1. Please determine, by comparing only the residues of the stretch 40-66 that are assigned to a strand (DSSP E or B) and touching a residue at least 60 places away in the same chain (Cβ under 8 Å), which one is surrounded by the fewest Cβ atoms within 10 Å (Cβ to Cβ).
2. Given the options 212, 208, name the one that is out of contact with any helix residue (DSSP H, G or I) (no Cβ under 7 Å at 6 or more places or on another chain), over 26 Å from residue 91 (Cα atoms) and outside any loop (DSSP other than H, G, I, E, B).
3. Among the residues of the stretch 99-121, is there at least one that is out of contact with any helix residue (DSSP H, G or I) (no Cβ under 9 Å at 6 or more places or on another chain) and within 21 Å of residue 191 (Cβ to Cβ)?
4. When you look at residue 100, is it in a loop (DSSP other than H, G, I, E, B), over 17 Å from the mean Cα position of the chain (by Cα) and surrounded by 16 or more Cβ atoms within 10 Å (Cβ to Cβ), yes or no?
5. Criterion first (in contact with a strand residue (DSSP E or B) (Cβ under 8 Å, 6 or more places away or on another chain) and more than 25 Å from residue 77 (Cβ to Cβ)) does residue 120 satisfy it?
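What follows draws every value from the coordinates through simple rules; no lab data is involved. Every value quoted in this text rests on a predicted model; they were computed, and no experiment measured them. Counting neighbours? That spans all protein chains shown, and the Cβs are built from the backbone with ideal geometry, glycine included.
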């Protein structure tokens, strides 16, 4: 009788272990999503800025080791009391340290904390159809991942178009390639019905514009 009970228990344990092993047997595409997200999400932040009686929200990416963060100008411009929330739940006050003279919709802020920066890619060699991932804080849902492709490259307006879902609160967040490199910064969506929701047409600023900004600032290590 004891042997039967032990045999049943061993079978249950082995079955459970087999089930767990099967559960983490991701497809190649799923593995890319999981790996990229786990790699880059700790360097993505949630940003809030007070604008009059309202609070503007957006996303930022850590670009330096001493608390330097890049975000969209329209998220914090003319705002006050800028607060940055890290992926680990901690909050920090931030100040604006650099605003470019052009109208690139990019801005640098800084917190008093050691940080791990993202890896910047190269937007000069992007192809329509290329897989991309977007991470942001749409409607305040922090650390949200969406996936899609590069739908179009607007060389005249210097914008990357994607069908990866971008919504209010995602501005300033990264568009990432399958290698976990940032290739663009989420900026806006096209919504002709003014319902403030995503219909699969979003736009990002090419990451090479970010590199130019960082080069002009020149104080990031």
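1. Selected residue: 57.
2. Sole residue among the options that is out of contact with any helix residue (DSSP H, G or I) (no Cβ under 7 Å at 6 or more places or on another chain), over 26 Å from residue 91 (Cα atoms) and outside any loop (DSSP other than H, G, I, E, B): 212.
3. No, the stretch 99-121 has no match at all.
4. Taking the combined requirement at face value, the residue satisfies it.
5. In short, no.
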